[in-house]
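A short write-up of the structure that comes next.
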Ligand SMILES: [Zn+2]
């Protein structure tokens, strides 16, 4: 017995990983405190309505430019991580331009998702 129980008890509680108290928000479902950027409540699992919607790391502007200039080569699909359909588009010349044109419209209206299914960053 070299370590006394008293010494253990007086150690400060570890604060590593604790979010800043002032930054916490409350879950609208169960009232649990959670980080404002949490995707869902860690206690009840309810989605955090206040969190910014997850968006792709890939930007809207590069995608729309790549699609406009190199759409028939599928460059915009390579850019957002859709390698498989990018190759397919390259081989078919963007579905003879129709497929890449549809992609171009989809990017413009914000319906084009990256390889992880996330909307492009504006
Ligand atoms: Zn909750």
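Looking at (1) at pLDDT below 60; (2) within 22 Å of the chain's Cα centre (by Cα), find the lone condition where residue 12 falls short.
Among (1) at pLDDT below 60; (2) within 22 Å of the chain's Cα centre (by Cα), the lone unmet condition for residue 12 is (2).
Just wondering, is there one or more residues in region 87-101 that are under 19 Å from the mean Cα position of the chain (by Cα) and either free of Cβ contacts under 8 Å to residues at least 40 places away in the same chain or buried (at least 17 other Cβ atoms within 10 Å of the Cβ) (or both)?
No, region 87-101 contains no residue that is under 19 Å from the mean Cα position of the chain (by Cα) and either free of Cβ contacts under 8 Å to residues at least 40 places away in the same chain or buried (at least 17 other Cβ atoms within 10 Å of the Cβ) (or both).
The values are calculated or read from the model by the stated rules, or taken from the named source; none is laboratory data. All of these numbers come straight from a predicted model, not from anything done at the bench. Heads up, the Cβs are rebuilt from the backbone with ideal geometry, glycines too, and the neighbour counts pull from every protein chain shown.
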